[in-house]
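The values are calculated or read from the model by the stated rules, or taken from the named source; none is laboratory data. As the structure is a computational prediction, the values presented were derived from the model and not from experiment. Cβ placement follows ideal geometry from the backbone for every residue including glycine, while neighbour counts extend to all protein chains displayed.
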Ligand SMILES: Nc1ncnc2c1ncn2[C@@H]1O[C@H](COP(=O)(O)OP(=O)(O)O)[C@@H](O)[C@H]1O
Ligand SMILES: [Mg+2]
């Protein structure tokens, strides 16, 4: 049995922007192993959500298009599946939770009936049984008085409780993969930590893999086994979480780590990587991170770096991967 649950190979996604078909995700390859949490990090606009939507085949065409690549789920290429087969995969094998649960919950139905509906969609059981399971799952995800809460409408719940309902819907069919796209960004820090712990506990309990998308390196440190760092639609570095934090090799990853606020240090201003994420229609010829990198030279300006294997599954897209210490980083 393979230890990989998902294998993304050379994924390319384009969007029509101002009438031009523009690649926004390119050369993206990564695996998600069984029972692991893979973090996908990067600044806003780097292609994280597009990548996760591609796995779910939720890129609306047009304006979007999956232009190249394979997405293998337990060895089967999702990109070759008929829409009908894919509908079975969604929710049953792969479930997704988003940043703002209010937009994904239907305001007209009670939370319990929305969970029950998800259960009925993928399982043969009576409405009564589905309702009972819904209440059970609400209890499991830490919703107090679940029988009562099942009768509540989304607007009657707090943001944290709504996100728990979304997680309950996602978990209701025991998916093999949970994609959590910035699941806690809209919540306050205490609730954030609770929700992340819940996802972590469920991952362990249910033998599930998680793709955790975030722009917060602190969240990555606490919740992920491996990390893929995305920038301008490409993966710049991928490694296990220890390596990313203890031995990062890409200047962009190093910049992201420097930008984590430290509780024990009094600083007047938080560190920020200088410059901005480039627009996809004006990417530099060489390294996409070059214009913001302190170590950029002529080679970086002219030649796009490939992903280099540093060993032990540590891949880095930088001409100077492994040489940066001599350059003073
Ligand atoms: N519906 C769309 N139409 C056109 N371009 C889009 C659309 N959705 C995403 N994009 C492009 O894809 C890029 C990456 O978006 P996204 O994956 O949402 O970034 P993030 O890393 O913040 O999740 C955006 O900066 C934008 O250029
Ligand atoms: Mg996003």
- [ ] Report yes if residue 148 is without any contact (Cβ under 8 Å) to a residue 24 or more places away in the chain, under 20 Å from the mean Cα position of the chain (by Cα), surrounded by fewer than 15 Cβ atoms within 10 Å (Cβ to Cβ) and not in a loop (DSSP other than H, G, I, E, B), otherwise no.
- [x] no
- [ ] Can you tell me which residue among 276, 310 is in contact with a strand residue (DSSP E or B) (Cβ under 7 Å, 6 or more places away or on another chain) and either without any contact (Cβ under 8 Å) to a residue 24 or more places away in the chain or under 16 Å from residue 250 (Cα atoms) (or both)?
- [x] 310
Task: Residue selected from the stretch 43-59 under the condition at pLDDT 95 or above and at positive phi, by the criterion farthest from ligand 1 (Cβ to nearest atom) - done: 57
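Per-residue answers, yes or no, for (1) under 24 Å from residue 184 (Cβ atoms); (2) without any contact (Cβ under 8 Å) to a residue 60 or more places away in the chain; (3) buried (at least 19 other Cβ atoms within 10 Å of the Cβ):
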{"position": "85", "(1), (2), (3)": "no, yes, no"}
{"position": "97", "(1), (2), (3)": "yes, no, yes"}
{"position": "107", "(1), (2), (3)": "yes, yes, no"}
{"position": "117", "(1), (2), (3)": "no, yes, no"}
{"position": "128", "(1), (2), (3)": "no, yes, no"}
{"position": "135", "(1), (2), (3)": "no, yes, yes"}
Open item on the list: So for the stretch 11-20 (the condition being more than 16 Å from ligand 2 (Cβ to nearest atom), without any contact (Cβ under 8 Å) to a residue 60 or more places away in the chain and either surrounded by 17 or more Cβ atoms within 10 Å (Cβ to Cβ) or more than 27 Å from residue 280 (Cα to Cα) (or both)), does at least one residue qualify?
Closed with: yes
Open item on the list: For the stretch 164-183, check the following and say yes or no: at least one residue is farther than 30 Å from residue 130 by Cα, surrounded by 22 or more Cβ atoms within 10 Å (Cβ to Cβ), at pLDDT 90 or above and in contact with a helix residue (DSSP H, G or I) (Cβ under 6 Å, 6 or more places away or on another chain).
Closed with: no
Task: Any hit, the stretch 28-40, residues being in contact with a helix residue (DSSP H, G or I) (Cβ under 6 Å, 6 or more places away or on another chain), closer than 17 Å to residue 209 by Cα and within 11 Å of ligand 1 (Cβ to nearest atom) - done: yes
